[in-house]
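Rule-based calculations on the coordinates, nothing more; no lab input. Just so it is clear, the structure is predicted and the values come from calculations on it, not from any experiment. Neighbour counts are summed over all protein chains in view; Cβ atoms, including those assigned to glycine, are modelled from backbone coordinates with ideal geometry.
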Amino acid sequence: MTLSRPARLMAGITLLTVPTIVYGGLTVLAVVTKNAHGLPPGGGLELSALQQSLFRAGHAHAGALVILSLVLQALLDSTSLAESTRWVARVTAPAAAVLLSGGFFGIAFQPAFGALLWLGAACLVVTVVLTGVGLVRQPTEAPSRLRTSVAASAAVVLLAASTASAAEPGRLEVAVSGVSTAKGLVGCALFASKTGFPLQSKKHAMARVQVAPTNGAATCVFENVPAGDYAVAVMHDTNGNEEADTNFLGIPTEGVGVSNNALPKLSLPTFEACRFAVGAGQTVKQAITVRY
């Protein structure tokens with residue numbers, strides 16, 4: 001495929017925005033994983049659940065619309081549009097990506113940034129309508145070129161859907177049973193790696209939840225869990241020190257449990273044995289029995 005000079009210019013400029021999308025994605029990852037992964041944002045930034053959703057939406061739109069912009073630059077070479085009109089479509093394609101994604105990030109802090117969403121949506125309509133009309137008005141287009149255009153458009157749709165799906169977090173419900181007494185709290189710690197698993201939850205757990213037991217059972221719920229592999233460690237903290245108490249041999253002296261109930265009798269469980277997957281937008285349930 002041979003691109004015109006304007007198409008090469010705009011495609012090159014669009015590609016230069018990709019590092020910023022990668023940086024934004026790593027920052028969003030750090031926010032939703034509470035700095036367990038990714039690049040921690042400056043200034044100790046902490047976001048509410050709504051703000052996290054807006055950040056994920058901004059990142060998803062940036063990735064999908066940049067891909068769309070690259071495809072449109074190639075498609076515009078095959079349209080019957082006047083060169084000046086082509087330039088309008090070429091410029092509004094990456095502008096839509098910048099304005100729409102920036103609008104989502106902006107309204108997480110200031111509602112006035114909602115104007116960027118409308119402006120970005122207008123740019124998106126302009127670029128896709130002009131490109132679509134320009135392609136439809138080409139009755140002499142060769143079949144092979146038409147197939148290429150259709151395949152490229154289909155790829156954009158699939159990639160955009162994949163990006164949006166990957167951005168959707170999952171949910172984890174941990175049903176704990178076998179709690180011997182109502183004294184203290186049942187603590188559930190979510191680990192994203194083997195580091196510190198299962199006893200060093202304060203320092204290495206991605207997230208922790210504590211609930212009071214009722215009738216020998218408790219339920220811990222983790223919201224906004226990014227897709228990936230995890231393991232859960234459960235502790236019945238009867239003395240309220242938020243620590244997994246052990247004897248001089250390193251054996252827990254309080255009730256403990258792990259995901260998959262993979263708790264050996266004479267050694268600590270491994271992350272691999274306790275690992276389970278959480279898919280994008282998926283609700284996963286783990287049933288864990290506490291052992292004393």
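Here are the numbers:
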read-out	value
Peptides 178-185, 116-123 ordered by average Cβ neighbours within 10 Å, highest first	116-123, 178-185
Potential lengthening between D77 and L39 on full extension [0.36 nm per residue; Cα-Cα distance subtracted]	9.8 nm
Summed residue charge, Cβ within 12 Å of S53's Cβ, Lys/Arg positive, Asp/Glu negative	-1
Using θ = phi - 60° and Karplus 6.51 cos²θ - 1.76 cosθ + 1.60, couplings along segment 192-206 (whole Hz; Gly, Pro as x)	9, 8, 6, 4, x, 6, x, 8, 9, 6, 4, 8, 10, 5, 5
Karplus (6.51, -1.76, 1.60) ³J(HN,Hα), θ = phi - 60°, over segment 73-82, in Hz, Gly and Pro reported as x	4, 6, 5, 5, 5, 9, 8, 9, 6, 5
DSSP-assigned coil residues among trypsin sites (Lys or Arg not before Pro) in segment 259-292, each with at most 15 further Cβ atoms within 10 Å	K265
Cα→Cβ-extended label distance, 7 Å offset, between S48 and A277, nm	3.5 nm
³J(HN,Hα) computed for each position of segment 49-60 - Karplus, 6.51 cos²θ - 1.76 cosθ + 1.60, integer Hz, glycine/proline x	4, 5, 5, 5, 5, 5, 5, 5, 5, x, 5, 5
DSSP-defined beta bridges in the chain - what % are antiparallel, rounded to 5	80 percent
Distant-in-sequence amide H partners of V176 (H built 1.01 Å from N, under 5 Å)	A218, T219, C220, I288
Cβ crowding within 10 Å averaged over residues, with 27-34, 70-77 ranked highest first	70-77, 27-34
Over the chain, relative contact order from alpha-carbon pairs under 8 Å, at least 6 apart, %	17 percent
Burial order of peptide ranges 124-136, 12-24 (average beta-carbon count within 10 Å, highest first)	124-136, 12-24
Cβ-based net charge around R171, under 12 Å, with every Lys or Arg adding one and every Asp or Glu removing one	-2
Two-site FRET efficiency, R8 against F113, from Cβ-Cβ distance with R₀ of 25 Å, rounded to 0.05	0.15
Distant-in-sequence amide H partners of R171 (H built 1.01 Å from N, under 5 Å)	V225, Q282, T283, V284
